[in-house]
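A.B. asks: Please find one structure pasted underneath; my questions will follow.
Just so you know, all these numbers are worked out from the coordinates, no wet-lab data involved. Bear in mind the structure is a predicted one, so any value in this text is a computation, not a measurement. Cβ sites come from the backbone with ideal geometry, for glycine too, and all protein chains shown count toward neighbours.
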Amino acid sequence: MTASLVEQAPAKINLTLRVLGRRADGYHALESLVAFADFADALVLPAGDEVALGIAGPFASNCGPHADNLVLKAHAALAERVAGLKAGRFLLVKNIPVAAGLGGGSADAAAALRLLARANGLDAGDPRLLAAALAVGADVPVCLECRARVMRGVGDELDKPLDLPPLPALLVNPGTPLSTRDVFDRYAGEPGGRSALAVPRERAALLEWLSAHDNDLTAAAVACLPAIADVLAALRALPGARVTRMSGSGPTCFALFASAAEAAAAAQQIKAERKSWWACPVTVRQDIARP
């Protein structure tokens, strides 16, 4: 490795999320249609020997201790599996809100694994990358490829990638982080049982299908952070909003629109009315291109 390598870490959007039950290990088994936004953190890996992490960007101060960051945990997991792994001092530009239901930490970890694969000449399909991803966290495997698909279990069961149309969207976060563990501790829903999602590929049919497939964690998240209900109500009231939903375990919510112009106009309206909220128009895509 002789020059800096760069990877984007796109925000993960749970278009649907169903809780199928509790596993023997205490974790909940999930089923979720996942896609990725064209909005991302950035991770840079310059040439070097010392493994370290620097963090910049608008949400850098919310990231907590560097030693706990999933980027370094991803390096450690892959180093256990690849002898003599070359690395360096990572620089993470944190654009995605922290503890927001957008998989930012998992996306960063996956980007770190992709960077390390490139730096060490590993094939993108090397099974050690997936093994390291599973060791780091539940959402990291689906973030490795950044392709729309259904994921199940604790993120370890991935269906084949889906060919979905681009979906203009608005992401809104009330400005308060929310612990995934706290949400699951409050979850009191009935197990949904296993199902097979037949996801439509045409835009109108997909939007209609999404309107009937919600996020089972919404009530628990609202119980933890009532501001989520305010965000969802504000999104539903926006002109042109087709589907509104919470992503992941919250608190970020999204609305889907027919056009990018509608999503951009909705973002301006939210920013004018709720100055303490974070709002970002994006496009949710089936596949996010990376360098």
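A.B. asks: Take peptides 95-108, 134-147 and line them up by average Cβ neighbours within 10 Å, highest first, as a rough protection proxy.
C.D. replies: 95-108, 134-147
A.B. asks: Rank 213, 264, 100 by how far each Cα sits towards the positive end of the charge dipole of the chain (+1 on Lys, Arg Cβ; -1 on Asp, Glu Cβ) and give me just the farthest.
C.D. replies: With unit charges placed on the Cβ atoms, the residue in question is 264.
A.B. asks: Additional query: Using Cβ counts within 10 Å as a stand-in for footprinting exposure, how do 25, 126 rank, fewest first?
C.D. replies: Taking fewest neighbouring Cβ atoms as first place, the list is 25, 126.
A.B. asks: Here's something else I'd like to know. Lys/Arg Cβ at +1, Asp/Glu Cβ at -1, dipole of segment 185-291 taken about the Cα centre: which of 243, 197, 288 is farthest positive-ward?
C.D. replies: Looking along the dipole axis, the top candidate is 288.
A.B. asks: Using only Cα atoms, locate the centre of segment 119-182 and the centre of segment 37-108, then give the distance between them in Å, rounded to an integer.
C.D. replies: Cα centroid to Cα centroid, the span is 15 Å.
A.B. asks: Using Cα atoms only, what is the angle between the long axis of helix 227-236 and the major principal axis of the chain, expressed in degrees (0 to 90) to the nearest 10?
C.D. replies: That works out to roughly 60 degrees.
A.B. asks: For every helix of n ≥ 4 consecutive DSSP H residues, a contribution of -39,500 (n - 2.57) applies; sum these over the chain, divide by its total residues, and give [θ] at 222 nm rounded to the nearest 500 deg cm²/dmol.
C.D. replies: Computed ellipticity for the chain at 222 nm equals -9000 deg cm²/dmol.
A.B. asks: Which listed residue (82, 29, 127) has the Cα farthest towards the positive end of the charge dipole for segment 5-158, taking +1 on Lys and Arg C-beta and -1 on Asp and Glu C-beta about the Cα centre?
C.D. replies: So the residue we want is 29.
A.B. asks: Can you pull a Stokes-Einstein diffusion coefficient for segment 50-145 at 37 °C (0.692 mPa s), Rh from Kirkwood over Cα pairs, as a whole number of µm²/s?
C.D. replies: Answer from the Stokes-Einstein relation: 247 µm²/s.
A.B. asks: Dipole of segment 167-285, Cα-centred, from +1 at each Lys and Arg C-beta and -1 at each Asp and Glu C-beta, to the nearest 20 debye?
C.D. replies: The dipole magnitude comes to about 280 debye.
A.B. asks: Still on this structure, I have one more. Amide H of residue 248 versus every other amide H placed in the peptide plane: which residues, excluding those fewer than 5 positions away on the same chain, fall under 5 Å?
C.D. replies: 14
A.B. asks: Using 21 Å as the Cα-Cα cut-off, could you pick out the over-long pairs in 73/160; 12/86; 12/160; 73/94?
C.D. replies: From 73/160; 12/86; 12/160; 73/94, over 21 Å: 73/160; 12/86.
A.B. asks: Now for a different question. Roughly how big is the chain's charge dipole about its Cα centre, with Cβ charges of +1 (Lys, Arg) and -1 (Asp, Glu), in debye to the nearest 20?
C.D. replies: Taking the Cα centre of the chain as origin, the dipole is about 220 debye.
A.B. asks: Ok, one more. Taking the Cα centre of segment 5-158 as origin, work out the dipole magnitude from +1 charges on Lys and Arg Cβ and -1 charges on Asp and Glu Cβ, in debye rounded to 20.
C.D. replies: The calculated dipole for segment 5-158 is roughly 180 debye.
A.B. asks: Within 10 Å of each residue's Cβ, count the other Cβ atoms and sort 254, 184, 90 from fewest upward.
C.D. replies: So the residues, fewest neighbours to most, are 184, 90, 254.
A.B. asks: Using only the alpha-carbon atoms, how far is helix 127-136 inclined from the longest principal axis of the chain? Give it as 0 to 90 degrees, nearest 10.
C.D. replies: Approximately 60 degrees, to the nearest 10.
A.B. asks: Under 14 Å from the Cβ of residue 91, count the other residues' Cβ atoms, weight Lys and Arg +1, Asp and Glu -1, and hand me the total.
C.D. replies: -2
A.B. asks: Counting other C-beta atoms within 10 Å, which of 262, 80 has the fewest, and how do the rest follow?
C.D. replies: The fewest-first ordering by Cβ neighbours comes to 80, 262.
A.B. asks: Sticking with this one: If you count the DSSP beta bridges with both ends in the chain, what percent of them are antiparallel, to the nearest 5?
C.D. replies: Rounded to the nearest five, the antiparallel share is 85 percent.
A.B. asks: Compute the Rg to Rh ratio over segment 167-285 from the alpha carbon atoms, using the Kirkwood formula for Rh, and round to two decimal places.
C.D. replies: 0.98
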